[in-house]
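Scroll down for the structure; my scribbles are underneath it.
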Amino acid sequence: MDIWDLRAFVAVVEDGGLSAAARRLHISQPSLSQTMQALEKHLDVQLLTRSSAGVTPTPAGMTLLAEARAVIARYDQAMAAMAKYSSEVGRSLRIGVPLELPPQPLSGALASLATAFPLTVVEIRHLSSAKQIEALNAGELDVGLVRERPLGDHLDVTTVLEEPLGVLLAVEDAEAFSDGAVRLDRLSGLQWLGFPREGSPAWYDELTAVLRSHGVQPGPATSYTQDLLPEVKVATVSSGGRFALAPAGRFEPLPDSVRWLPLAGRPLVRRTWVAWPASSRRRDIAHLVAALEDVRQ
């Protein structure tokens with residue numbers, strides 16, 4: 001049991017349910033439910049009564065609530081008092097983030113990091129995967145969230161996100177797929193709204209190889225001059241004759257002129273890895289990585 005477990009328990013009781021508390025803590029509901037179950041198992045006592053209306057604390061839960069609030073207040077007071085003596089005051093944690101990264105898993109992991117390491121100052125840098133790997137190798141980035149797995153043993157890497165891709169189509173183009181799922185080979189008459197190869201070469205090569213194997217011919221790698229912002233991508237698709245690839249719900253709410261449809265057989269899965277220097281001994285990086293893995297579960 002640690003301070004994060006106590007904060008999570010207090011949030012669940014104060015919000016009266018797991019869903020509301022999970023939103024408050026920026027973590028998934030299953031992850032929060034597992035935390036509560038683990039806490040009850042650790043203490044060998046039932047803390048919460050669960051019902052369709054939410055959760056309420058048992059008498060034991062009420063006792064823990066009072067104690068947890070006192071511990072959290074004392075912990076925060078101690079951290080504030082010690083901050084002026086710490087050599088890590090304002091220590092920066094430089095994190096690379098790619099375009100179109102969904103709020104989870106990063107937001108939940110950052111919330112956990114802020115609780116465990118309140119002195120760490122997070123600096124977010126929006127970079128392509130290739131630029132992130134270059135910055136990690138040069139010591140200009142501490143953690144990278146990348147769309148292709150870096151090679152070599154100088155970086156430690158683990159997968160944190162897997163997103164099956166679907167397709168964004170103009171309404172008039174989507175009408176051709178009445179069965180609700182799109183086979184890749186049926187997109188051969190449309191132009192793929194792609195991204196520059198230099199931003200993520202391995203992912204670009206994997207994606208375009210799958211498209212070609214289904215008869216879809218991407219344009220030349222040099223024809224994609226920049227990563228498009230989500231709003232621009234949706235607006236471009238809405239004019240018809242083009243398609244873009246995206247996970248479910250990524251661009252919600254969509255305008256009436258655009259539809260998202262799943263790809264039959266899930267032929268394309270976009271993966272995101274977290275990468276950091278293998279030589280690192282920073283505990284805040286280790287905590288962030290562990291939190292990213294927990295959010296994924």
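The values are calculated or read from the model by the stated rules, or taken from the named source; none is laboratory data. Because the structure is predicted, anything quoted here is derived from the model rather than measured. A quick note on method: Cβ atoms are made from the backbone with ideal geometry, for glycine too, and the neighbour counts reach across all protein chains shown. Keep in mind that these areas ignore ligands, DNA and RNA; they rest on the heavy atoms of the full protein, side chains included. Shrake-Rupley method; radii C 1.70, N 1.55, O 1.52, S 1.80 Å.
Brief remarks on what is shown
- Residues whose amide H lies under 5 Å from that of Arg125, counting only those 5 or more places away or on a different chain, are Ile95, Gly96, Val97; hydrogens are built 1.01 Å from N in the peptide plane.
- Net +/- balance of residues flanking Glu100 in space, Cβ distance below 10 Å, scoring K and R +1, D and E -1: +2
- All other residues whose Cβ lies under 14 angstrom from that of Ala235 are scored, Lys and Arg at +1 and Asp and Glu at -1, for a net of 0.
- Two numbers describe the Cα atoms of segment 100-180: Rg and Dmax, which are 17.8, 55 Å.
- In this simple spin-label approximation, Asp44 and Leu151 carry label points 7 Å from Cα along the Cα→Cβ vector, and these lie 5.5 nm apart.
- The value of relative contact order for segment 134-293, using C-alpha pairs under 8 Å at least six residues apart, is 48 percent.
- Read-out percent of Cα pairs over 36 Å apart, derived from the coordinates shown; its label in (1) 32; (2) 10; (3) 35: (1)
- Whole-percent carbon and sulfur share, accessible surface of segment 1-124, 1.4 Å: 57
- Residues in segment 191-220 that a label on Thr159 would reach, taking backbone N under 16 Å of a point 7 Å out along Cα→Cβ: 203, 206-207
- The stretch between Ser19 and Ser92, if pulled fully straight at 0.36 nm per residue, gains 23.1 nm over its current Cα-Cα span.
- Label-to-label distance, nm, for residues given as Arg186 and Ala278 (7 Å Cα→Cβ offset): 4.7
- The GluC sites (Glu not before Pro) of segment 146-247 meeting both criteria, a DSSP state outside H, G, I, E and B (loop) and at most 13 other C-beta atoms within 10 angstrom of the site's C-beta, are Glu175.
- Asn137/Thr58 FRET efficiency (R0 35 Å; Cβ-Cβ; nearest 0.05): 0.10
- Estimated FRET transfer efficiency when R0 is 22 angstrom, pair Met1-Met82 (beta carbons, to 0.05): 0.50
- Extension gain for the segment Ala209 to Glu175, taken as residue separation times 0.36 nm less the Cα-Cα distance, is 9.6 nm to one decimal.
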